[in-house]
Every structure is written in C-alpha cells, then in structure tokens.
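Okay, structure first, notes after.
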Amino acid sequence: MNIHKLMENLEKRGFTTTHFAAKEEAVSYLQSQISGKTVAFGGSMTLKEMGLDKALAENNTVIWHWNEPDGRRF
C-alpha cells in the first residue's frame, strides 16, 4: 500500500491525515491532542492492541464495549 497516495486521496476528500511509524508515536500524539473529553471506540482490535483506551483514560472518559462501566476490561 502506498501510504502517501492514500493520505493524498483522503485529504482531497476533506480529511486531515497524520502518519506515524510506530504505534507508540500515535498513542503519544493522541494523548497530547485529546484531554478532558469523552471518547468512544467501536470494535477495533488495532486500537485495543495499541492500548489506546488505557492511554486516553488517563485524562478522558473512555467508553468501549470491551470495558465494564468501572473501567475494568473484559
């Protein structure tokens, strides 16, 4: 897959894109951009494997169907 072509096509359609070489970079970026919000996720295994729910839960309310209402994971 040509990531640069994909980004170009998405941007032509009004999307803002950012690319990261490693998942840790993506998580760090999202933590810096999202604070004091309520964030909800669908059933993405990629986001689960990244630990994004735990990372964002540090400064946000995270809603995810894999988590109990008290934040415990299934």
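Observations on the structure shown:
- Pairs, first loosely packed, with under 12 Cβ neighbours inside 10 Å in the stretch 21-36, second not in a helix (DSSP H, G or I), C-beta under 7 Å, six or more apart: S35/N59; S35/N60; G36/N59; G36/N60
- Qualifying residue in the stretch 56-74 (condition: outside any loop (DSSP other than H, G, I, E, B), out of contact with any strand residue (DSSP E or B) (no Cβ under 9 Å at 6 or more places or on another chain) and either surrounded by 15 or more Cβ atoms within 10 Å (Cβ to Cβ) or at pLDDT below 90 (or both)): no
- For the residues M1, M7, the requirement of being more than 23 Å from H65 (Cα to Cα) and at pLDDT 95 or above singles out M7.
- All told, G14 falls short of being small (G, A, S), out of contact with any His (no Cβ under 6 Å at 6 or more places or on another chain) and at pLDDT below 95.
- Members of the stretch 9-31 that are more than 15 Å from E58 (Cβ to Cβ) and of a type in the set (A, V, I, L, M): L10, A21, A22, A26
The values are calculated or read from the model by the stated rules, or taken from the named source; none is laboratory data. Because the structure is predicted, anything quoted here is derived from the model rather than measured. Cβ: placed from backbone, ideal geometry, glycine included. Neighbour counts: every protein chain shown.
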